[in-house]
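Undergrad: Structure incoming, see below.
What follows is calculated from the coordinates using simple rules that are stated; it is not laboratory data. Computed from a predicted model, the values in this text were never measured in an experiment. Quick reminder, even Gly has a Cβ in these numbers, built from the backbone with ideal geometry, and neighbours come from all protein chains shown.
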Amino acid sequence: MLLKDKIAVIYGGGGAIGGATARTFAREGAEIFLAGRTLERLERVAADIRAEGGQVHVEIVDALDEKAVRDHADRVATQAGGIDVALNAVSIVHTQGRPMAEVGVDEFMHVITDNLRTNFVTAKAVARHMKGSGVILTLTAPGSRITSPGFLGHGVACGAVETFSRLLAVELGGSGIRVICLRSDAIPDAIPLSYTQGLFDDMTRRLGTTTDAWIEQHARQDTLLGRLPKLEQVADYAAFVASDRAGAMTGALANLTCGSILD
Ligand SMILES: NC(=O)c1ccc[n+]([C@@H]2O[C@H](COP(=O)([O-])OP(=O)(O)OC[C@H]3O[C@@H](n4cnc5c(N)ncnc54)[C@H](OP(=O)(O)O)[C@@H]3O)[C@@H](O)[C@H]2O)c1
């Protein structure tokens, strides 16, 4: 097992990526602490993990609230004896595909500041409990490399999270903590479970198409592999980089785009 006896905290643990990663981490032997806003969603993931014999704990935590996140991390560390792995899989609801003329400054800034805020707050809270080793995983999308208009806020937010993750690796390397940013393209089997369904529906309605048709065309035309990532592939990759087997890797941006962008 890749993560035997590791303690993993997953923020946004009731979401599509957070939930899938939690299930995979648990199968790989980790004890899971799910944190998020909606108890039912967290409990659904927890029930799956328990049904497979895994160990899981659930708590409502607002991942934008510095004190709430710090207190939760302190409780986890007290209960479990430390924290080995943390994933921030929190979604910041926003819109995409709208031209600058239609986007107000607060709307533009919100996706940037909230993405950075939750990543900063959660990383700071868990790093204090990673004694001599640990892994912090962040999530981004190809937004900063998009070549069509309408992605100013989202794209800048992606670029900011990627830069934050790199510099966080610099900041924490001396404490033995690794930081990896997972950059996935749209994940078709995540979309119906995720805030991205509404986001893509709004965008594709404007384009005069549907989300399913747009995703199918994007996979066929824009990727090297003619397909997009699956939830299971993102979760499997996260488990590997969180494990000691990837102990040489930090400050990296993992390309999980099936070749929609090249490094
Ligand atoms: N889905 C994709 O195709 C895709 C691809 C690349 C990157 N990403 C990125 O990956 C991240 C996760 O995406 P996802 O598809 O898994 O989203 P999701 O299914 O909507 O899940 C996100 C989770 O974050 C939780 N959350 C939101 N705000 C929170 C807060 N302030 N405190 C605590 N929890 C909060 C939500 O809780 P509630 O359930 O209570 O609202 C939700 O369970 C996002 O940043 C997204 O942009 C997604």
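Undergrad: Most mobile of E59, E40, E162 per a Gaussian network model of the chain (Cα springs, under 10 Å)?
TA: E40
Undergrad: In nm, to one decimal, how far is the modelled label at L262 from the one at E171, with both set 7 Å along Cα→Cβ?
TA: About 3.4 nm separates the two model spin labels.
Undergrad: Report, in degrees rounded to the nearest 10, the 0 to 90 angle that the Cα long axis of helix 152-173 makes with the longest principal axis of the chain.
TA: That works out to roughly 30 degrees.
Undergrad: Same structure, new question: Please list, or write none, the aspartates and glutamates whose alpha carbon is within less than 14 Å of the alpha carbon of K131, excluding same-chain residues fewer than 8 places away.
TA: Filter leaves D74, D84.
Undergrad: Note down the relative contact order for region 109-263 as a percent, whole number, built from C-alpha pairs under 8 angstrom at least six residues apart. Intermediate results must be reported in sequence, preceding the final value.
TA: Working: 213 pairs, mean separation 42.4, N = 155.
It comes to 27 percent, rounded to a whole number.
Undergrad: Okay, helix-only estimate at 222 nm for the chain: each DSSP H run of n ≥ 4 adds -39500 (n - 2.57), divide by all residues, round to 500 deg cm²/dmol; what do you get?
TA: On the way: 8 runs with 120 residues, N = 263.
Only helices count here, giving -15000 deg cm²/dmol.
Undergrad: Could I ask something else about it? With the chain treated as a Gaussian network of Cα nodes joined by springs under 10 Å, which of A169, A47, A73 yields the largest mean-square fluctuation?
TA: A47
Undergrad: For the chain, build the convex hull from the C-alpha positions and give me its volume per residue in Å³.
TA: Values: hull volume 31.4 nm³, N = 263.
In the chain, the Cα convex hull volume per residue is 119 Å³.
Undergrad: Follow-up question, since we're still on this one. Can you give me the angle between helix 39-51 and the longest principal axis of the chain, using Cα atoms only, in degrees from 0 to 90, rounded to the nearest 10?
TA: The angle comes out at about 60 degrees.
Undergrad: Going by alpha carbons, how many degrees (0 to 90, nearest 10) lie between the helix axis of 231-242 and the longest principal axis of the chain?
TA: 40 degrees
Undergrad: Along the charge dipole of the chain, which of M109, G259, P188 sits closest to the positive end, that is, farthest toward it, with unit charges on the beta carbon of Lys, Arg, Asp and Glu (+1, +1, -1, -1)?
TA: G259
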